[in-house]
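> Pasting in a structure now, in structure tokens, and then I'll have a few things to ask.
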Amino acid sequence: MATKVFVDNLVKKFGDNTVLNELSTTINDGEVVCLIGPSGSGKSTFLRCLNKLEEATSGTIVVDGFDITDSKTDINLVRQNIGMVFQHFNLFPHLTVMENIVLAPTDLKVLTADEASKLAMELLSKVGLADKHDAYPEALSGGQKQRVAIARALAMKPDIMLFDEPTSALDPEMVGDVLAVMKQLAEDGMTMVIVTHEMGFAKEVADRVIFTDGGKFLEEGHPTDIFERPQHERTKSFLDKVL
Ligand code: ADP
Ligand code: MG
């Protein structure tokens, strides 16, 4: 099986503060990995290192076959294949839903305008928002905005999707619709790295769960093992608090 993400001995420091401490992992094509762990444990920083929104202090990160820790690698090219969805949707408020989705692929000349709008309509149907193409973000609920943000990321036809707490800012009744879209994406075979506090989702959808604590991957494995037979005290006490 093809390796999509290879991380070896990743260290990230902010000043004297070591926030990622010698992390290593391999993520295969089509794998869905959920990162769980306490606030401040380095989950977002790890995710941001995978598309070089943060630069590694040392170690190696290979994404899609490109060593992004090598300064000769064109990170913008690699980023075209990595979709990222944040807690706060970051849609462009002055653009319609359709314009938000077609912007990157047309600007970067990955698709023609016609191809991009055709794909955008397909993606909007997929996330259940076909009727919203002419709406502005302000007219949408949080859950709808997040589904547009997912469609926008998918418009670049990425190989990998990164999600940083995509449902944390949503009202509870909107969480399910967003998770359903993500679950469908997982079933379609997308490689996904997801930081989440939705333990039910992680249990059901993840191929692997990584528990992060103090900048370390303390424990990882199949969700059944992590949730039902955690080995570390830290994992147990974290799960006791959140489950
Ligand atoms: P998590 O996502 O698990 O809550 P983060 O990756 O956001 O954790 O943060 C890990 C640690 O790195 C925290 O101590 C945080 O304060 C620190 N940190 C994150 N981003 C920065 C930054 N840009 N500058 C300095 N410290 C940061
Ligand atoms: Mg975070």
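> For region 1-35, which positions are among the aromatic types (Phe, Trp, Tyr) and either within 28 Å of Met199 (Cβ to Cβ) or at pLDDT below 95 (or both)?
Phe6 - this is the single residue of region 1-35 that is among the aromatic types (Phe, Trp, Tyr) and either within 28 Å of Met199 (Cβ to Cβ) or at pLDDT below 95 (or both).
> List the pairs whose first member sits in region 86-97 and is in contact (Cβ under 8 Å) with a residue 60 or more places away in the chain, whose second member is among the small types (Gly, Ala, Ser) and assigned to a loop (DSSP other than H, G, I, E, B), and whose Cβ atoms are under 7 Å apart, counting only residues at least 6 apart or on separate chains?
From region 86-97, the pairs are Gln87/Ser168; Gln87/Ala169; His88/Ala169.
> Further, regarding this structure: For His94, state whether it is modelled with pLDDT under 95 and either within 16 Å of ligand 2 (Cβ to nearest atom) or not in a helix (DSSP H, G or I) (or both).
no
> Answer yes or no as to whether Thr112 is surrounded by fewer than 18 Cβ atoms within 10 Å (Cβ to Cβ) and in contact with a helix residue (DSSP H, G or I) (Cβ under 8 Å, 6 or more places away or on another chain).
For Thr112, the condition - surrounded by fewer than 18 Cβ atoms within 10 Å (Cβ to Cβ) and in contact with a helix residue (DSSP H, G or I) (Cβ under 8 Å, 6 or more places away or on another chain) - is met.
> With the structure loaded, tell me whether Asn81 is touching a helix residue (DSSP H, G or I) at 6+ places or on another chain (Cβ under 8 Å) and closer than 28 Å to Thr196 by Cβ or whether it fails that test.
So Asn81 does not fit the description; no.
> Further question on the same structure: Name the residue that is nearest to the chain's Cα centre (by Cα), counting only residues in region 103-119 that are farther than 26 Å from Asp29 by Cα and of a type in the set (A, V, I, L, M, F, W, C).
Applying the filter and picking the extreme gives Leu103.
> Separate question: Any chance you could count how many residues in region 184-208 are more than 16 Å from ligand 2 (Cβ to nearest atom) and within 15 Å of the chain's Cα centre (by Cα)?
12
> Filter region 1-55 down to residues that are in a strand (DSSP E or B), within 12 Å of ligand 2 (Cβ to nearest atom) and crowded, with 22+ Cβ neighbours inside 10 Å, then give me how many there are.
Total satisfying the criteria: 2.
> Can you spot a residue in region 31-44 that is more than 21 Å from Met84 (Cα to Cα), out of contact with any Lys or Arg (no Cβ under 9 Å at 6 or more places or on another chain) and within 12 Å of ligand 1 (Cβ to nearest atom)?
No, every residue in region 31-44 fails to be more than 21 Å from Met84 (Cα to Cα), out of contact with any Lys or Arg (no Cβ under 9 Å at 6 or more places or on another chain) and within 12 Å of ligand 1 (Cβ to nearest atom).
> So which of Lys145, Lys157, Lys203 ends up being surrounded by fewer than 22 Cβ atoms within 10 Å (Cβ to Cβ), at pLDDT 95 or above and assigned to a helix (DSSP H, G or I)?
Lys203
> Determine, yes or no, whether Phe89 is over 27 Å from Val148 (Cα atoms) and either surrounded by 15 or more Cβ atoms within 10 Å (Cβ to Cβ) or not aliphatic (A, V, I, L, M) (or both).
Judged against the criteria, Phe89 is not a match.
> Can you tell me which residue is nearest to Ile27 (Cα to Cα) among those in region 214-243 that are in a loop (DSSP other than H, G, I, E, B) and modelled with pLDDT of 95 or more?
It comes out as His222.
> Please enumerate the residues belonging to region 179-234 that are in contact with a Phe, Trp or Tyr (Cβ under 6 Å, 6 or more places away or on another chain) and farther than 22 Å from Leu23 by Cβ.
Passing the criteria: Leu179, Lys203.
> I'm told Gly65 meets every condition in (1) under 18 Å from Val127 (Cα atoms); (2) away from ligand 1 (no atom under 16 Å from the Cβ) except one. Can you identify the failing condition by its number?
So the condition that Gly65 fails would be (1).
The values are calculated or read from the model by the stated rules, or taken from the named source; none is laboratory data. Keep in mind that this is a model prediction, so the values were computed, not measured. Positions of Cβ are generated from backbone atoms using ideal geometry, with glycine treated the same way; all protein chains shown enter the neighbour counts.
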